[in-house]
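Visitor: To start, I am sharing the structure in question, which I have written as structure tokens.
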Amino acid sequence: MKVLRASFDAILIFLLALGCSMHAPSNQERMSAGAKECLSPADKELFRNVKVIRIVLEQSGRKKDIARLPFYDYAEKILECAGFQVVKEGAKNYDATLHIKAKAIPKRHHYSDGRRHWTSATVRGTITLSVSDRTLKRDFSGKVWPPQSIPAGSPSTRRSYAPLRGAFDRGFVSDLPRLLAEVVDISTLSACLKHEDWRVRKSTAVALREINPVQAMIFALKDDSWRVREAAARSLGELRDLHDIESPFPPELLSCLPSKDLRAVEPLISALEDSVPFVGVAAARSLGKLRDPRAVEPLISALKVDFPPLGAAAAEALGELKDLRAVEPLISALRGSFPVVRCAAARALEKITQKDFGRDYAKWQSWWQDNKNASQ
């Protein structure tokens with residue numbers, strides 16, 4: 001763990017230093033719309049010395065709406081699992097202040113057919129962490145859209161039952177760990193992956209993705225909550241392969257770094273057989289992005305699973321790998337029961353062979369018989 005922590009800290013410091021060399025913001029320039037602020041080493045050390053945080057909450061919206069949103073509870077959970085002591089607004093002794101300014105916006109409901117009720121919601125605001133005259137700020141916005149459908153006549157048809165909790169989870173709960181990721185050690189934040197609340201674990205997994213802790217994501221693939229496993233599987237396909245950096249890269253080459261980390265291949269292959277198939281869907285898509293030949297045979301097996309989203313994701317991944325071993329199984333998939341899998345298989349075949357016979361099984365089969373030996 002110490003080696004992992006040191007490695008990731010070194011990577012994070014390198015990226016922060018590179019960002020600072022390209023743009024050195026003043027102390028008054030802050031994060032906005034989820035963008036990262038570039039902290040100086042002195043500011044970073046200042047924030048890392050924080051032990052006690054006071055929470056100040058400022059909410060606006062209908063009283064019934066905001067009363068149901070546990071801003072303080074989740075701020076306390078996330079801060080405590082990240083190693084901070086939390087005190088309330090009236091406390092006199094503290095090192096930093098976490099100011100949460102939030103607004104809950106339930107969308108007006110209407111009946112579209114006399115039988116169903118449709119509603120949506122947005123929760124947005126800012127999270128500000130202040131130490132002395134230094135401030136780190138992040139905007140958050142969570143939205144439930146498209147509108148949810150609720151049976152007319154149920155208690156949930158009242159406006160106060162708009163899906164604010166879902167918007168709260170997607171906004172505030174997801175963004176607070178991202179803010180903390182700027183100022184705490186990766187190994188410290190990784191402790192939140194063991195929290196009893198799956199929302200905390202999931203939001204931490206997504207936050208850690210942004211600073212490339214591959215081992216943390218692999219660990220999250222074994223979480224008790226399928227939502228956390230799904231988020232981890234999806235994230236592993238988006239991580240940059242920065243762990244082998246030995247020397248600084250010119251800024252123009254940073255965007256060219258491969259968006260993959262092959263340490264994730266075997267764990268993702270195992271995740272294809274997760275008890276919740278949506279985790280397998282995320283794993284298949286990530287394997288397609290990693291493009292490692294070890295995934296070909298497992299993806300061929302996933303192609304045959306009786307769950308259309310997984311079969312389609314496996315077909316798409318095989319198209320990205322462009323391995324001829326997948327041609328025959330993909331042709332067979334054109335005769336499957338699920339249209340979404342047939343369409344994905346046809347697209348994959350086109351990518352692999354540079355031929356376009358659509359979803360015509362007979363044409364693909366005839367072409368493959370004529371060219372199979374030549375391709376081996």
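Taken together, the values in this text are just the output of simple stated rules run on the coordinates, not laboratory data. Note that this is a predicted model, so its numbers are computed, not measured. Every residue, glycine as well, gets a Cβ built from its backbone with ideal geometry; the counts of neighbours run over all protein chains shown.
Visitor: Considering all projection directions equally, how large on average is the shadow of the alpha-carbon convex hull of region 291-376, in square nanometres?
Guide: 4.8 nm²
Visitor: In nm, to one decimal, how far is the residue 366 label point from the residue 42 one, both placed 7 Å along Cα→Cβ?
Guide: 7.7 nm
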